[in-house]
1. Which residues, taken from the stretch 474-488, are assigned to a loop (DSSP other than H, G, I, E, B), open to solvent by 10 Å² or more (accessible area, probe 1.4 Å) and over 21 Å from residue 193 (Cβ atoms)?
2. Looking only at the stretch 35-72, filter to residues that are at pLDDT below 95 and among the charged types (D, E, K, R); which one of those is nearest to residue 284 (Cα to Cα)?
3. Out of all the residues in the stretch 112-132, is one or more touching a residue at least 40 places away in the same chain (Cβ under 8 Å), touching a helix residue (DSSP H, G or I) at 6+ places or on another chain (Cβ under 7 Å) and among the charged types (D, E, K, R)?
4. For residue 139, only one of the following conditions fails: (1) in contact (Cβ under 8 Å) with a residue 60 or more places away in the chain; (2) out of contact with any strand residue (DSSP E or B) (no Cβ under 8 Å at 6 or more places or on another chain); (3) within 30 Å of residue 528 (Cβ to Cβ). What is its number?
5. Which of the numbered conditions does residue 521 fail, given that it passes all the others? Conditions: (1) farther than 30 Å from residue 286 by Cβ; (2) open to solvent by 20 Å² or more (accessible area, probe 1.4 Å).
6. Output the residues belonging to the stretch 286-321 that are crowded, with 22+ Cβ neighbours inside 10 Å and outside any loop (DSSP other than H, G, I, E, B).
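The values are calculated or read from the model by the stated rules, or taken from the named source; none is laboratory data. Bear in mind the structure is a predicted one, so any value in this text is a computation, not a measurement. Quick reminder, even Gly has a Cβ in these numbers, built from the backbone with ideal geometry, and neighbours come from all protein chains shown. Heads up: the accessible areas ignore ligands, DNA and RNA and are worked out on the full protein's heavy atoms, side chains in. Shrake-Rupley method; radii C 1.70, N 1.55, O 1.52, S 1.80 Å.
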Amino acid sequence: MYYSNGNYEAFANPLPPADANKKSAYIVGGGLAGLAAAVFMIRDGKMRGNKIHIFEELAIPGGSMDGIKNPQRGFIIRGGREMEAHFETLWDLFRSIPSLENPDISVLDEFYWLNKSDPSFSHCRAIERRGHRMRDDGKLTLTPTAIREMIDLALTPEEKLQDVQIDQVFGDEFFESNFWLYWATMFAFEKWSSAMEMRRYLLRFIHHVGKLADMSALKFTKYNQYESLITPLVRWLESHGVKFHYDTIVTNLDVNCKQNKKIVQKIEMVKSGRKREIKLTSDDLVFVTNGSITESTTYGDNDTPAERRHELGASWVLWKNLAAQCEEFGHPEKFCENIPAANWVMSATITLFDDTVVPYIEKICKKDPHSGSIVSSGPVTIKDSNWLYGFSISRQPHFRAQKPNEIVVWTYGLLSDTDGNFIKKKIADCTGAELCAEWLYHIGVPVSQIEDIAHNRSSTVPSHMPYITTYFMPRALGDRPRVVPNGSVNLAFIGNYAETDRDTVFTTEYSVRTAMQAVYTLLNIDRGIPEVFDSCFDIRMLLQSIYYLNDGKKLRQLDVPWVVKLLERQGLKHVRGTYLEQLLREAHLI
């Protein structure tokens, strides 16, 4: 396995790997990573689909990329993944998957033209005072001290950030900035989150610093991500003979870790309540999705909170059983235990039955929810919410099954240890109607109308997700297993709890990248994997980030020692007429 950039290898069709016809594959987990691994084995590894098996504990595939109409509760979305142009492996995957609505084009084609005709743009990133746009919305409000702390973090190697929290590298000035408000609520970071992961995000998305407020860099699917992405993937895999095994829990893998090799010899599982075993050879490849952020999710309804008690969950139990066999298989307890109380644990799906709330949505988002266009273009954060509550409204209908008058709204709160402003309860203790009422209050609906709307003109489904922010738990090197551990013959880890270089978790790209890396390594596919976008090595991006981090100030206006040292005022005359002057002008710094 090796990395590449440019388009020389991006469009190449690799030769069939040696002995590919002898291989079989068993994929644990039917989420995006597992589905992507199956596609890459067929498309690039030239394996026959009927020799690939996908084991999924639920009755449907998709993992955390969900979207469903439950017959009893109604529409449910636990969350959504924000996407951008430089998700190199994600788009490599979907260029090969036919659209369900038009089989003559790919999902990528469909997605591309949709976002060309209806690009993302937020007219209001944050509100306060019951529906009013935040006074300084659009400004990052970073102080020179906060900017210097960001640069110091970016320059610190990961080895020095092991088990370090974000609040151990930043001071109060940083956390009081709009940058942190936008950053935390867009990516779901908490102050206690991993500084190592924060650093990766800063380097990975430095090209989007100037777009944090208007979210114009984001791309969105037509419908929810289950219907727009997962369904066509599954249809393609089924057409190639891939075998899906639902209601199947893999409890353990028997791995021979002797003689500097790691070979899975047996799969232990429970299928529809009955124990089964599958004996394997070194030609039987095993791909494991270790851990899950949506494992053990519970649901409530309009009148009932979601259950807060839960068992550990099958994906975590499997990872623990694997970790007990070899130190290189990671430390799952770092992620699934001792989760801080102040975290994102709840989301809710609100279905509005009529247009009573539309004027309040239009006032904030400057969009008609029935227009078919993206409404909020990502999250709208409520700055003065005790829960740090926020909401997102995608293109409507968000589900094919929606009625013309229905609007689906997704809400979430990042702070679960405080009472709400209107509903004097912690977010995890609230019924669906109470979660809706808190949202209605913050967007400016008159208090006299809130109860009627929350109980009679809408229905809300709470989702309690105990592990939803555990990707960001402070970690050390080795806590996540490498995609393909040293000496592994037929075992790979995929998904966001596997370790790959430079990329950032909590993204669709990370799921697909680990899947591609796993398949290309175990099958020895001779085609480069697109490397992570190198924006942090691009001088143009770095200069632009200086401009935007300082809220549009020119170089002469900056009071940042590292910049002054780099280009002191008297030194600017020496760049006149040079390429450096051109770069500085393009970055608006002079």
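1. 484, 486, 487
2. Per the stated criteria, the residue is 66.
3. The answer is yes; a qualifying residue exists.
4. Only one criterion in (1) in contact (Cβ under 8 Å) with a residue 60 or more places away in the chain; (2) out of contact with any strand residue (DSSP E or B) (no Cβ under 8 Å at 6 or more places or on another chain); (3) within 30 Å of residue 528 (Cβ to Cβ) is unmet by residue 139, namely (3).
5. The single condition residue 521 does not satisfy is (1).
6. Within the stretch 286-321, 286, 287, 288, 289, 315, 316, 318, 319 qualify.
Every residue, every condition in (1) open to solvent by 10 Å² or more (accessible area, probe 1.4 Å); (2) among the basic types (Lys, Arg); (3) assigned to a loop (DSSP other than H, G, I, E, B); (4) in contact with a Phe, Trp or Tyr (Cβ under 6 Å, 6 or more places away or on another chain), yes or no:
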site	(1), (2), (3), (4)
396	yes, no, yes, no
417	yes, no, yes, no
421	yes, no, yes, no
424	yes, yes, yes, no
435	no, no, no, no
451	yes, no, no, no
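Condition check ((1) within 30 Å of residue 97 (Cα to Cα); (2) touching a residue at least 40 places away in the same chain (Cβ under 8 Å); (3) acidic (Asp, Glu)) across all residues:
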residue: 238; (1), (2), (3): yes, no, yes
residue: 241; (1), (2), (3): yes, yes, no
residue: 244; (1), (2), (3): yes, yes, no
residue: 248; (1), (2), (3): yes, yes, no
residue: 258; (1), (2), (3): no, no, no
residue: 290; (1), (2), (3): yes, yes, no
residue: 321; (1), (2), (3): no, yes, no
